[in-house]
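Data first, discussion second: the structure below is written as structure tokens.
The values are calculated or read from the model by the stated rules, or taken from the named source; none is laboratory data. Computed from a prediction, not measured in an experiment: that's the story for all the values here. Neighbour counts run over all protein chains shown; Cβ positions are idealised from the backbone, glycine included. Each accessible area value is taken on the protein alone, full model and side chains, heavy atoms only, with ligands, DNA and RNA left out. Shrake-Rupley method; radii C 1.70, N 1.55, O 1.52, S 1.80 Å.
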Amino acid sequence: MSYNLKEIAKIAGASIEGDAGVEITGLAKIEEAGPGQLTFIANPKYEKYIHQTRASAILVADDFPKSDKTLLRCKDPYFAFLTLAQKLYGMGPSLARGVHPTAIIGEGTQVGKGVAIGAYVVIGERCHIGDDVQIYPGVVLSNEVAIGKGSVLYANVTVRERCRIGERVIVHMGGVIGSDGFGFAFHEGRYHKIPQTGIVLIEDDVEIGANTTIDRATLGATIIRRGTKLDNLIQVAHNVEIGEHTVMAAQTGIAGSTKIGNNVRFGGQVGIAGHIEVGDNVTVGAQSGIDKNIPSGAYFFGYPARSARTVMRELSALTRLPELLRRVKKLEEIIESLTEQLQKQSAK
Amino acid sequence: MSYNLKEIAKIAGASIEGDAGVEITGLAKIEEAGPGQLTFIANPKYEKYIHQTRASAILVADDFPKSDKTLLRCKDPYFAFLTLAQKLYGMGPSLARGVHPTAIIGEGTQVGKGVAIGAYVVIGERCHIGDDVQIYPGVVLSNEVAIGKGSVLYANVTVRERCRIGERVIVHMGGVIGSDGFGFAFHEGRYHKIPQTGIVLIEDDVEIGANTTIDRATLGATIIRRGTKLDNLIQVAHNVEIGEHTVMAAQTGIAGSTKIGNNVRFGGQVGIAGHIEVGDNVTVGAQSGIDKNIPSGAYFFGYPARSARTVMRELSALTRLPELLRRVKKLEEIIESLTEQLQKQSAK
Amino acid sequence: MSYNLKEIAKIAGASIEGDAGVEITGLAKIEEAGPGQLTFIANPKYEKYIHQTRASAILVADDFPKSDKTLLRCKDPYFAFLTLAQKLYGMGPSLARGVHPTAIIGEGTQVGKGVAIGAYVVIGERCHIGDDVQIYPGVVLSNEVAIGKGSVLYANVTVRERCRIGERVIVHMGGVIGSDGFGFAFHEGRYHKIPQTGIVLIEDDVEIGANTTIDRATLGATIIRRGTKLDNLIQVAHNVEIGEHTVMAAQTGIAGSTKIGNNVRFGGQVGIAGHIEVGDNVTVGAQSGIDKNIPSGAYFFGYPARSARTVMRELSALTRLPELLRRVKKLEEIIESLTEQLQKQSAK
């Protein structure tokens, strides 16, 4: 790969400040970039690297200070870098088109055009595989699964019967879609399994992380709405609904029947109880434990999670608690002494 | 599927109050049920839906208020619904009986009657596979593994050498049984691996969630006793023992050699240190961190976990801490002023 | 297996105190050991078992008290036991050498001597598989993956394109290496995927737990340095670097671009934010939430994590908070009364 800086500037929608003649052969982080590489500064934390970087050009924001380096000025350098990366590297590896001879495809399954189905893939009966779908080796789909156009299932993903995955969805390695919800009725000294007869419904443009597990509904559907991105090792229990364009960091767990709104952001390792409602545009700090509803627009964190402002004030007060104990002890001594003095005065 | 309401009432052990002539074609949640569907109310939270539901009949408890809807009265509507669901839908998908021609079965392995062994399954040598076992595609069993009668291993489950799984056990997709325990001896600047030569022993009627990992013992066995249910993404370390009829929600982690009693209930994301003992009938709240033994019958939560009552009192006190800081500051000012006044009086 | 105690003592570097004639047929935990078995005491907690154990011999430290049992005295009984276990049991199962006829190996891939490649393994193009590597059934390697000499990949492990794994590395079942980092740019109401074009680099003698996920870098490499051991279900995000000889217990999660030093020890379920630096020789307690840098040598814990001493003091003060509230209330009453008295006196 080799691009003239002018071509790069055109893709990025940027203006060149400096030597427009350089050839760009790759992208790199500012700390690591060498001659021929293009880098970017989006976070002020990284501005200090501008003096020492050996990159041939740097994508920066329109209001970035002047520099003796070759700059590409644009409105949003991170997004411009991402556009370039997508253009230059593509969105990931491409599996060879076609159906590998060892792939097993059940009766009544329809397979679209331009698909790539790898070695030792097992697809059940009456499934629907859309055009341009990529299914990597070792994936197992049960009967009547639907995978929309352009979706990618990486190696060893498993999807159980009747689950429906939209278009341009990505499921990373080891992701589990449609395992039984965790439902039992305790009766006469032991647990009886409640059949989990629902499905998982994943809408368009969703991304599901590696080894994340999404349980099927008891009845109805567990739903992940369009544009939502789930990181690795997340647990989504039966009958959960997650809204649109919501992002959740790794190892978060959502208990049964909880509903989460649109444009919500969760840090990692958040836990949320069952039958809770979280509104739209909510932000939840990492490791929080949510045990009650959260209104739209709120910023919550803590264990148990409450308004960030409240929790911050408590945590700050908590750091003063050992000192407070000493202050109260001192007050008690002074008051004892005052009381004695007062009694003596009264006795006079 | 279509059942007369009288047949339904018979299976559920319920009495009909209303139109006994309706035909039932399916089950559904009360919010979603339509004509021809049966639903239930077990949780008072859902009673409000009775007026608006379009279900043809509703399973309710014996003491449920009268209604103009067709009711099926019984002692335990949730359990009755579960019994019906098991009867009407079965307990999950059934893999086609027989051994798929691509399944590889090692020498000396005994396979029972009525089994279903899917495509690309790999079973080691000298294993024992009981009658009616279902093994889904992509499962890998190492040598000398035993799987009891009627158990189900979903797609891509892995079980390492010599582990023993009882009867009617279910392991969901991606579950790992018998990986090495995390044991190392630090010696001369680096960690030396301690061979993990024990096994995992899973008794009858246990359920293991998707992508849950159960490590083999260093010596002896990691044990999950009968009737216990583990949710997804749980970590069970080497030499742990979990008692009978215990349930643990997702993402809980149990460190090495810890023993957990019978009829215990853990919320999600609980962490428990190594070499701890938890008694019988214990309840532990979600996200708790257990660092010492818990006596039988206790209800613990918090980080670190202690009696729920103690932690509740502390958390409630904590919310009053910022106000307490102000109160103590005010007291200090009053006392300073009192002290001055008193000194003046004494000086008179 | 049967060894004379003298042979055992020689392997263990121990001296015999008692009956040197016993035959040892196996190793066992002290609570479970029977005749013919050798056990050890390394932890004082287990000394109480010496009177009741039926083991034929016991490995103990040089300064262990005298006993009527047959003792093998040595400097480090745990390490001696480990050495014996490695000698007697080996380091785990061995896959049959050779390449299984169902394994698929892509063009241009080089395979070393003495390898064991199991059934239904899929290896991409231009990979490099070192000598004596063991790859269990169901493993999927994408193109241009390198696996160093003597490494072991257990069943259903997946490794994506261009990732590099060193020598004597062990990856347990379901481990995921090189999944996409969780990187999106929010632009015009939806998230755009940032291509994750970097790799994962795992150095020599690393161990990766079952179902642990290690994301590839956005650019550059996510790095796990030599001798480091990661337990099960851990999440390592893009561009993280973990130093040498560091150990992390299960279910820990590390967010993007965080750097962790050498000889660090993390308890289970620790969460650490992105772009953080943790020094060398740091210890972090289980379930801690790290949101800022930790200097070398520190012992941190808590949520949020701070110096263990500080957090301990706060937690201890917190237990006294309900009582403190009562004490302050009482002080307020006394002061009110004192103030009244003083006013009366002044009024006199």
What is the distance, in nm, between label points placed 7 Å from the Cα along the Cα-to-Cβ direction at residue C:113 and at residue B:48?
-> 7.6
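I'd like the FRET efficiency for residue A:293 and residue C:323, computed as 1/(1 + (r/R0)^6) with the beta carbon distance as r and R0 of 30 Å, rounded to 0.05.
On the way: r = 33 Å, r/R0 = 1.10.
Step by step, r from the Cβ atoms, then E = 0.35.
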DSSP beta bridges in the protein assembly as shown [antiparallel fraction, %, rounded to 5] = 15
Quick one: putting +1 on the C-beta of Lys and Arg, -1 on the C-beta of Asp and Glu, what dipole do you get for the range B:98-309 around its Cα centre, in Debye to the nearest 20?
-> 380
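Given the -39500 (n - 2.57) contribution per DSSP H run of 4+ residues, what per-residue ellipticity at 222 nm results for chain C, rounded to the nearest 500 deg cm²/dmol? Numbers along the way, then the final one.
Values: 4 runs with 60 residues, N = 348.
The helix contribution divided over chain C gives -5500 deg cm²/dmol.
I want the antiparallel fraction of DSSP beta bridges within chain C, as a percent rounded to 5. Present the calculation step by step, with values, prior to reporting the outcome.
On the way: 11 of 78 bridges.
In chain C, DSSP labels about 15 percent of beta bridges as antiparallel.
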Give the long-range amide H neighbours of residue B:161: residues separated by 5 or more places, or on another chain, with amide H under 5 Å away, using H modelled in the peptide plane at 1.01 Å from N.
-> B:142, B:143
Let me see the pair-distance distribution of the range A:44-203: every alpha carbon pair, 5 Å bin width, integer percents in order.
-> 2, 8, 13, 16, 10, 7, 7, 8, 9, 8, 6, 3, 2, 1, 0, 0
Pop out a list of residues from the range B:332-347 that are at least 50 Å² less accessible with all the protein chains around than in their chain alone; 1.4 Å probe, no ligands or nucleic acids counted.
-> B:332, B:335, B:338, B:342, B:345
Between C:56, C:296, C:288, which gets the highest mean-square fluctuation from a Gaussian network model of chain C, Cα cutoff 10 Å?
-> C:56
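At 27 angstrom or more along the helix axis (alpha-carbon based) and mean Kyte-Doolittle of -1.0 or higher, what helices does chain C contain? Whole DSSP H runs only.
Details: long enough: C:321-347 (38 Å, -0.55).
Those that clear 27 Å and a mean of -1.0 are C:321-347.
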Using a 1.4 Å probe on the protein chains only, how many percent of the accessible area of the protein assembly as shown belongs to carbon and sulfur?
-> 50
From the Cα centre of the range A:116-163 to that of the range A:1-23, the distance in Å is 41
Interface residues of the range C:106-123, defined as losing at least 40 Å² of accessible area versus the chain alone with a 1.4 Å probe, are C:120, C:122
Could you run the numbers on buried accessible area between C and B, total for both chains, 1.4 angstrom probe, in Å² to the nearest 100?
-> 5500
Who wins for biggest fluctuation among B:248, B:312, B:173 in a Gaussian network model of chain B, springs between alpha carbons below 10 Å?
-> B:312
Computed Rg/Rh of the range A:208-270, alpha carbon atoms with Kirkwood Rh = 0.92
In angstroms, what radius of gyration and Dmax does the range B:223-303 have, counting Cα atoms only?
-> 10.6, 30
Percent of all Cα-Cα pairs per 5 Å bin for the range B:84-169, counting from 0 up to the last occupied bin, reads 4, 16, 26, 31, 13, 6, 3, 2, 0
Kirkwood hydrodynamic radius of the range A:124-220, from inverse mean 1/r over distinct Cα pairs, in Å = 13.7
May I ask you to report, in nm to one decimal and beginning with the shortest, the distances from residue B:337 to the same position in the other copies, taking label points 7 Å along Cα-to-Cβ?
-> 2.1, 2.1
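Report the percentage of all Cα-Cα pairs in chain B whose separation exceeds 28 Å, rounded to a whole percent.
Working: 36890 of 60378 pairs.
The share of Cα pairs beyond 28 Å in chain B comes to 61 percent.
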Inverse of <1/r> over all distinct C-alpha pairs of the range C:289-348, i.e. the Kirkwood Rh in Å, gives 15.0
Could you check how many percent of all C-alpha pairs in the range A:3-89 are farther apart than 14 Å?
-> 56
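Using the Kirkwood radius built from alpha carbon pairs, what does the Stokes-Einstein equation give as D for the protein assembly as shown at 37 °C and 0.692 mPa s, in µm² per second? All intermediate terms of the calculation are to be shown ahead of the outcome.
Working: Rh = 31.3 Å.
Rounded to a whole number, D works out at 105 µm²/s.
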Label residue C:281 and residue A:265 with points 7 Å out from Cα along Cα→Cβ: what is the distance between them in nm?
-> 3.8
Contour minus end-to-end for residue A:307 and residue A:188, with contour as 0.36 nm per residue of separation and end-to-end as the Cα-Cα distance?
-> 38.6 nm
Who wins for biggest fluctuation among C:107, C:333, C:17 in a Gaussian network model of chain C, springs between alpha carbons below 10 Å?
-> C:333
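For the range B:35-78, take the alpha-carbon Rg, divide it by the Kirkwood Rh, and send me Rg/Rh.
Rounded to two decimals, Rg/Rh equals 0.90.
If you roll a 1.4 Å probe over the heavy atoms of the protein chains, what accessible area per residue do you get for the range A:3-89, in Å²?
Per residue, the range A:3-89 has 51 Å² of solvent-accessible surface.
Considering only the other residues whose Cβ falls under 14 Å of the Cβ of residue A:229, what net charge follows from Lys and Arg at +1 and Asp and Glu at -1?
Details: positive: A:168, A:225, A:226, A:265, C:190, C:193; negative: A:203, A:204, A:205, A:207, A:231, A:244, C:180, C:215.
It works out to a net charge of -2.
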